1. Which condition from (1) farther than 21 Å from residue 122 by Cβ; (2) in contact with a strand residue (DSSP E or B) (Cβ under 9 Å, 6 or more places away or on another chain) is the one that residue 68 breaks?
2. Does region 72-103 hold any residues that are touching a helix residue (DSSP H, G or I) at 6+ places or on another chain (Cβ under 7 Å) and part of a helix (DSSP H, G or I), and which are they?
3. Look through 154, 126 and report the one residue that is without any contact (Cβ under 8 Å) to a residue 24 or more places away in the chain, surrounded by fewer than 23 Cβ atoms within 10 Å (Cβ to Cβ) and touching a strand residue (DSSP E or B) at 6+ places or on another chain (Cβ under 7 Å).
4. Identify, by number, the condition in (1) within 16 Å of residue 56 (Cβ to Cβ); (2) under 17 Å from the mean Cα position of the chain (by Cα); (3) assigned to a loop (DSSP other than H, G, I, E, B) that residue 187 doesn't meet.
5. Look through region 162-180, keep the residues that are part of a loop (DSSP other than H, G, I, E, B) and out of contact with any helix residue (DSSP H, G or I) (no Cβ under 9 Å at 6 or more places or on another chain), and return whichever of them is surrounded by the fewest Cβ atoms within 10 Å (Cβ to Cβ).
6. Could you tell me whether region 136-150 includes any residue that is in contact (Cβ under 8 Å) with a residue 40 or more places away in the chain and more than 18 Å from residue 116 (Cα to Cα)?
7. When region 187-198 is examined, which residues are found to be touching a helix residue (DSSP H, G or I) at 6+ places or on another chain (Cβ under 8 Å) and farther than 15 Å from residue 132 by Cβ?
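The values are calculated or read from the model by the stated rules, or taken from the named source; none is laboratory data. Because the structure is a prediction, the values reported are computed rather than measured. Ideal geometry is used to build each Cβ from the backbone, glycine not excepted, and the neighbour counts take in all protein chains shown.
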């Protein structure tokens, strides 16, 4: 069967949480479990997947709220970019400011950097550091797909007026992503799937 990608749309802000798995080895990772952790836990346990890690594309509260329960239930490693530490450590307070409750967050197990590889069974994804929406925002690229968090959406990009945002950095990150193969499938942090080709043609942020 090969590589499988399951998307759960979770929480009041409709975050795309992804479970990526290798159907042959049954290894899996979860990306951006923002809320409704029971749905992820049930999916992993019902399919007897071996959850290796939680990977954060960034650590705004709406993308990480499900981490505590998943970590407690399945004990995966928690991975994020090293530049996300400040935002992660203040996420509970940020959630409260926006009227959301969040459990105490566990400490990260590993910090990621540009060029690191994350494997899922026989498949591999490269960490691309894409600051702009946050200081330590990352995308995961490999196997003909890219998971972009809030760096890139269909027809749009992430906002830059929240902690860690920088419009100049985001423009650089956007241009970098537009250099990927046009047929690359894009799985964003909110909204529908797209392709690099579509974003080159239609994204308002593409000023070239």
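1. (2)
2. 73, 74, 91, 94, 95
3. On the way: 154 fails: without any contact (Cβ under 8 Å) to a residue 24 or more places away in the chain.
Sole residue among the options that is without any contact (Cβ under 8 Å) to a residue 24 or more places away in the chain, surrounded by fewer than 23 Cβ atoms within 10 Å (Cβ to Cβ) and touching a strand residue (DSSP E or B) at 6+ places or on another chain (Cβ under 7 Å): 126.
4. Every listed condition holds for residue 187 apart from (3).
5. At the first step, the residues of region 162-180 found to be part of a loop (DSSP other than H, G, I, E, B) are 162-166, 178-180.
Subsequent filtering for residues that are out of contact with any helix residue (DSSP H, G or I) (no Cβ under 9 Å at 6 or more places or on another chain) retains 165-166.
Values: 165: 19, 166: 15.
Checked region 162-180; the qualifying residue surrounded by the fewest Cβ atoms within 10 Å (Cβ to Cβ) is 166.
6. Of the residues in region 136-150, the ones in contact (Cβ under 8 Å) with a residue 40 or more places away in the chain are 136-141, 143-150.
Among the residues that remain, those that are also more than 18 Å from residue 116 (Cα to Cα) are: 150.
Within region 136-150, one or more residues are in contact (Cβ under 8 Å) with a residue 40 or more places away in the chain and more than 18 Å from residue 116 (Cα to Cα).
7. Going through region 187-198, the residues touching a helix residue (DSSP H, G or I) at 6+ places or on another chain (Cβ under 8 Å) turn out to be 189, 196.
Once the filter is applied, which keeps residues that are touching a helix residue (DSSP H, G or I) at 6+ places or on another chain (Cβ under 8 Å) and farther than 15 Å from residue 132 by Cβ, region 187-198 yields only 196.
Let's see how each residue does on (1) buried (at least 24 other Cβ atoms within 10 Å of the Cβ); (2) farther than 14 Å from residue 149 by Cα; (3) modelled with pLDDT of 95 or more:
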{"position": "26", "(1), (2), (3)": "no, yes, yes"}
{"position": "39", "(1), (2), (3)": "no, yes, yes"}
{"position": "43", "(1), (2), (3)": "no, yes, yes"}
{"position": "47", "(1), (2), (3)": "no, yes, yes"}
{"position": "57", "(1), (2), (3)": "yes, no, yes"}
{"position": "63", "(1), (2), (3)": "yes, no, yes"}
{"position": "66", "(1), (2), (3)": "yes, yes, yes"}
{"position": "74", "(1), (2), (3)": "no, yes, yes"}
{"position": "82", "(1), (2), (3)": "no, yes, yes"}
